[in-house]
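> Take a look at this one; I'll ask things after.
The values are calculated or read from the model by the stated rules, or taken from the named source; none is laboratory data. Not measured: the values here are computed from a predicted model. For neighbour counting, all protein chains shown are included, and Cβ atoms are generated from backbone atoms with ideal geometry for every residue, glycine included.
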Amino acid sequence: MIARRSDPDLRELVETFFRSTFSTDNAVITEAVRRMLAAGGKRLRPRITLLAADACGGNAVDQLYLAAYMELIHVATLIHDDVVDNATTRRGVNATAVDYGNRVSVLAGDYLFAWIFKNVTAGYPPPVPNVLSATLADICDGEVLQLQSLGNLDLSPDAYVEIARKKTASLFAASAECGAIMGGGNAGEIAGLREFGDAFGVAFQMKDDVLDLTADERSLGKPVGNDLTERKVTIPMIEALGAGDPNFTAQVRRFYSERDNRGIPSVVEGIERQGGLAATRTRIAGFVARAKKALEPIAAGTAKEELAHLADALLEE
């Protein structure tokens with residue numbers, strides 16, 4: 001049995017795997033995916049997969065392929081997202097569609113999904129393939145719900161959470177659940193880790209919404225205020241509108257109807273003034289607390305501590 005590793009070691013194992021092992025049967029798609037991987041990323045999904053396996057008594061190193069598949073599912077969704085959103089940058093480099101065109105990008109994402117599931121169904125027992133196929137359906141459903149909600153300034157917090165849960169949290173939940181299954185976890189551990197991933201994922205999406213309004217472009221890896229440019233309605237906006245200021249509401253309705261992006265700085269300032277950012281941070285703290293509580297069935301140890309640390313990191317400014 002290989003000794004358990006710390007979280008930074010697990011991340012390096014994932015990076016080494018991608019540099020030395022990842023390849024598909026299509027050279028163009030392999031190149032496009034490797035380029036996206038080389039641009040960086042937090043690798044949170046594979047790290048959670050490996051930590052979940054470790055937390056349930058398994059050897060995390062044995063689940064490197066499974067962890068890599070989780071990140072590759074995420075990459076495939078990003079490739080598709082950038083086509084849908086007409087994005088030009090991702091992780092500080094050109095979006096895949098900029099360099100390869102929309103048609104190749106869509107096919108690359110489709111191929112990657114199929115390639116992943118071919119390997120998962122061949123190499124992993126039920127319910128792992130079932131969990132991942134259901135997750136992919138949730139991700140697609142969440143994307144459609146988000147498209148349908150564009151410009152909907154009456155979107156409720158509950159409707160927002162449903163979108164975030166499907167679009168973002170579902171893959172975090174699947175990463176934790178599948179890691180726990182392959183790590184030999186019992187029913188309580190598997191359920192607890194899935195709940196951790198779900199709550200972590202919603203908090204992660206909310207934090208991403210805050211960063212879209214507050215971070216600089218270099219650290220964000222894409223244009224600041226991109227959600228407003230696309231007329232998405234995210235939780236800081238929902239909270240700010242919930243404050244009930246008629247002047248701010250009128251300003252926002254004009255902005256969403258006129259398609260003039262010069263008003264973004266003023267809208268961002270208004271969101272903060274109306275308490276939208278502060279209220280969102282309170283919601284994030286609630287989901288972080290829920291994620292940590294979900295770890296109660298997990299035995300004390302380094303893996304549990306590192307999962308809790310990942311959740312706490314979402315509270316950092």
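> Exactly one condition in (1) crowded, with 16+ Cβ neighbours inside 10 Å; (2) in a loop (DSSP other than H, G, I, E, B) is false for GLY244; which is it?
(1)
> Go through (1) surrounded by fewer than 22 Cβ atoms within 10 Å (Cβ to Cβ); (2) of a type outside the set (S, T, N, Q); (3) over 17 Å from MET70 (Cβ atoms) one by one and return the number of the condition ALA137 breaks.
(3)
> Next question. Any residue in segment 230-245 that is modelled with pLDDT of 95 or more sitting within a Cβ distance under 6 Å of a residue that is of a type in the set (Asp, Glu) and part of a helix (DSSP H, G or I)? List the pairs, counting only those 6 or more apart or interchain.
Correct list of pairs: THR234/ASP209; THR234/ASP227; ILE235/ASP209; PRO236/ASP209.
> Taking segment 298-309 on its own, how many of its residues are surrounded by 19 or more Cβ atoms within 10 Å (Cβ to Cβ) and in contact with an Asp or Glu (Cβ under 8 Å, 6 or more places away or on another chain)?
Number of matching residues: 3.
> Being charged (D, E, K, R), touching a Gly at 6+ places or on another chain (Cβ under 7 Å) and under 18 Å from LEU150 (Cβ atoms) is the filter here, so list the residues in segment 223-250 that pass it.
ARG231
> Now a separate question. Which condition number does ALA285 fail, the rest of (1) under 24 Å from ILE181 (Cα atoms); (2) hydrophobic (A, V, I, L, M, F, W, C); (3) surrounded by fewer than 18 Cβ atoms within 10 Å (Cβ to Cβ) being met?
Evaluating ALA285 over (1) under 24 Å from ILE181 (Cα atoms); (2) hydrophobic (A, V, I, L, M, F, W, C); (3) surrounded by fewer than 18 Cβ atoms within 10 Å (Cβ to Cβ) leaves (1) as the failure.
> Still on this structure, I have one more. Pull up segment 165-200, narrow it to residues that are β-branched (Val, Ile, Thr) and more than 11 Å from the chain's Cα centre (by Cα), then point me to the one that is nearest to ASP62 (Cα to Cα).
ILE181
> Can you find a residue in segment 49-67 that is part of a loop (DSSP other than H, G, I, E, B), surrounded by fewer than 16 Cβ atoms within 10 Å (Cβ to Cβ), out of contact with any Cys (no Cβ under 6 Å at 6 or more places or on another chain) and not small (Gly, Ala, Ser)?
Checked segment 49-67: no residue is part of a loop (DSSP other than H, G, I, E, B), surrounded by fewer than 16 Cβ atoms within 10 Å (Cβ to Cβ), out of contact with any Cys (no Cβ under 6 Å at 6 or more places or on another chain) and not small (Gly, Ala, Ser).
> Here's a follow-up. What residue, among those in segment 287-317 that are at pLDDT 95 or above and out of contact with any helix residue (DSSP H, G or I) (no Cβ under 8 Å at 6 or more places or on another chain), is nearest to LYS207 (Cα to Cα)?
The selected residue is ALA313.
> What is the number of the single condition among (1) hydrophobic (A, V, I, L, M, F, W, C); (2) in contact with a Leu (Cβ under 6 Å, 6 or more places away or on another chain); (3) surrounded by fewer than 16 Cβ atoms within 10 Å (Cβ to Cβ) that ALA114 does not meet?
Just one mismatch for ALA114, condition (2).
> State which residue is nearest to the chain's Cα centre (by Cα) when the search covers only segment 150-164 and only residues that are surrounded by 19 or more Cβ atoms within 10 Å (Cβ to Cβ) and not aromatic (Phe, Trp, Tyr).
In this case the residue turns out to be ALA164.
> Spot the failing condition for ALA95; the list is (1) among the hydrophobic types (A, V, I, L, M, F, W, C); (2) modelled with pLDDT of 85 or more; (3) farther than 26 Å from PRO129 by Cβ, and only one is missed.
Here ALA95 meets the rest and fails (2).
> Now for a different question. Name every residue in segment 62-84 that is over 16 Å from the mean Cα position of the chain (by Cα) and modelled with pLDDT under 90, in order of residue number.
VAL83, VAL84
> Being more than 18 Å from the chain's Cα centre (by Cα) and among the aliphatic types (A, V, I, L, M): is that true of MET206 here?
No; evaluated as a whole, the condition is false for this residue.
> Would you point out the residue of segment 11-48, among those that are part of a loop (DSSP other than H, G, I, E, B) and out of contact with any Ser or Thr (no Cβ under 9 Å at 6 or more places or on another chain), that is surrounded by the fewest Cβ atoms within 10 Å (Cβ to Cβ)?
That would be ASP25.
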